[in-house]
1. Exactly one condition in (1) within 16 Å of the ligand (Cβ to nearest atom); (2) in a helix (DSSP H, G or I); (3) open to solvent by 60 Å² or more (accessible area, probe 1.4 Å) is false for residue 195; which is it?
2. Scanning segment 256-276 for residues that are part of a helix (DSSP H, G or I) and within 11 Å of the ligand (Cβ to nearest atom), which turns out most open to solvent (accessible area, probe 1.4 Å)?
3. Quick check on segment 130-149. Is at least one of its residues within 15 Å of residue 209 (Cβ to Cβ) and assigned to a helix (DSSP H, G or I)?
4. Just the residues that are buried (at least 20 other Cβ atoms within 10 Å of the Cβ), hydrophobic (A, V, I, L, M, F, W, C) and within 16 Å of the ligand (Cβ to nearest atom), please, taken from segment 277-316.
5. Could you grab me the full set of residues in segment 116-142 that are under 23 Å from residue 202 (Cα atoms) and either touching a Pro at 6+ places or on another chain (Cβ under 9 Å) or buried (at least 22 other Cβ atoms within 10 Å of the Cβ) (or both)?
6. Within segment 321-329, does at least one residue satisfy the condition of being among the aliphatic types (A, V, I, L, M), within 14 Å of residue 222 (Cα to Cα) and either more than 16 Å from the ligand (Cβ to nearest atom) or out of contact with any Gly (no Cβ under 8 Å at 6 or more places or on another chain) (or both)?
Amino acid sequence: MNKEELIQTATALMAGDKGLLAMDESLPTSNKRFAEAGIPQTEEYRRKYRQLIVTTPGLNESISGAILFDETIYQSTDDGTLFIDVLYKAGIIPGIKVDEGTVDMPGSPKEKITNGLEGLDIRLNNYYGLGARFAKWRAVITIGDGLPTTANIKANAEALAKYARLCQEDDIVPIVEPEVLMDGDHTIDRCYAVTEAAIKELFIQLDAQGVFLPGLILKPNMVIAGRDSKTKNSTDEVAKATVECLLASVPPEVGGVAFLSGGQSPQEATRHLHEMHVLFGDKLPWPLTFSFARAIQQPALDLWKGKDENVVAAQEILAFRASMDSAARAGRYSVDIDI
Ligand code: 13P
């Protein structure tokens with residue numbers, strides 16, 4: 001474990017007002033999003049779409065790192081340049097999703113655990129050789145009647161911690177993502193309690209695995225009411241609950257915190273991040289930024305529709321959304337500059 005290198009990577013990912021772009025949708029997720037947008041679900045269309053993203057002019061002004069999917073790390077642009085080389089040239093650090101998706105938890109089938117620890121050391125070694133300098137593992141925690149169970153929170157935290165340790169052994173910065181889903185009608189208070197419990201357990205397990213916290217990035221959900229909840233909380237309430245929950249559960253040594261968007265609209269996710277910086281700015285012990293997939297990509301994907309003639313417009317909206325998130329991280333966002 002080269003701690004210097006881990007700190008260097010984590011610092012570069014959290015630098016300035018930038019954030020991360022998650023473009024690591026698995027095949028089922030990618031197929032679902034393409035189907036909704038009327039795009040053929042083939043490897044070639046996935047390549048074209050990821051090419052659109054990595055060649056977006058000006059993306060590097062707001063994005064420090066991009067999370068790739070296994071298929072994507074081997075793909076190239078039309079002229080044969082590997083995507084990973086395009087990213088390096090733009091000053092964007094390539095990362096890689098290394099979990100192998102979720103399965104029902106034995107004994108509690110309404111909950112999920114994440115696969116992918118088997119053979120992970122070998123895959124990490126290979127990804128480092130290909131140029132990846134950080135990785136991502138997503139655990140999913142479900143709120144429901146009697147859920148989550150303590151066993152589920154613990155099993156997910158243990159797997160995240162084992163993955164994080166293996167990453168650091170290979171000088172790869174682990175992004176640990178314990179995502180509390182927005183599915184359901186729960187209140188913001190319930191989301192707060194579950195998120196706090198999940199993150200606290202995660203740091204217990206990270207400690208047990210001897211994970212080096214300055215070389216680690218946490219990717220949490222925002223603390224927000226369930227999608228079907230009758231109560232809609234204000235931007236202030238979400239920002240305050242989220243940061244208070246993180247201050248209560250995330251050690252100050254952690255290299256950075258970068259949110260997932262979780263199904264919020266792009267504008268909502270941006271507003272919430274902005275408000276956190278307005279309210280807490282200099283009181284935050286770690287860099288606090290974004291690692292969105294849908295909240296950056298969705299408008300571009302909808303505009304592209306798989307058609308070459310829409311590439312430029314889709315790239316413009318992609319760069320624009322990323323720039324709004326970067327403005328939010330700086331506390332400089334306003335609805336007046338958004339569309
Ligand atoms: P969303 O921003 O769409 O929630 O995705 C983030 C992510 O990387 C999930 O693993």
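The values are calculated or read from the model by the stated rules, or taken from the named source; none is laboratory data. It should be emphasised that the depicted structure is a prediction, and the values quoted were computed from it without experimental measurement. Here the Cβ positions follow ideal geometry from the backbone for every residue, glycine too, while neighbour counts run over all protein chains shown. For accessibility, only protein heavy atoms count, side chains too; no ligands or nucleic acids. Shrake-Rupley method; radii C 1.70, N 1.55, O 1.52, S 1.80 Å.
1. That leaves (3) as the condition not met.
2. So the first thing to find is which residues in segment 256-276 are part of a helix (DSSP H, G or I), and the list is 266-276.
Narrowing further to those that are within 11 Å of the ligand (Cβ to nearest atom): 266, 269.
Working: 266: 23, 269: 0 Å².
My answer is 266.
3. The answer is no; no qualifying residue exists.
4. 288, 290, 292, 295, 296, 300, 301
5. 124, 133, 134, 135, 136, 137, 138, 139, 140, 141, 142 - these are the residues of segment 116-142 that are under 23 Å from residue 202 (Cα atoms) and either touching a Pro at 6+ places or on another chain (Cβ under 9 Å) or buried (at least 22 other Cβ atoms within 10 Å of the Cβ) (or both).
6. Residues of segment 321-329 among the aliphatic types (A, V, I, L, M): 322, 324, 327-328.
Keeping just the survivors that are within 14 Å of residue 222 (Cα to Cα) gives none.
No: zero hits.
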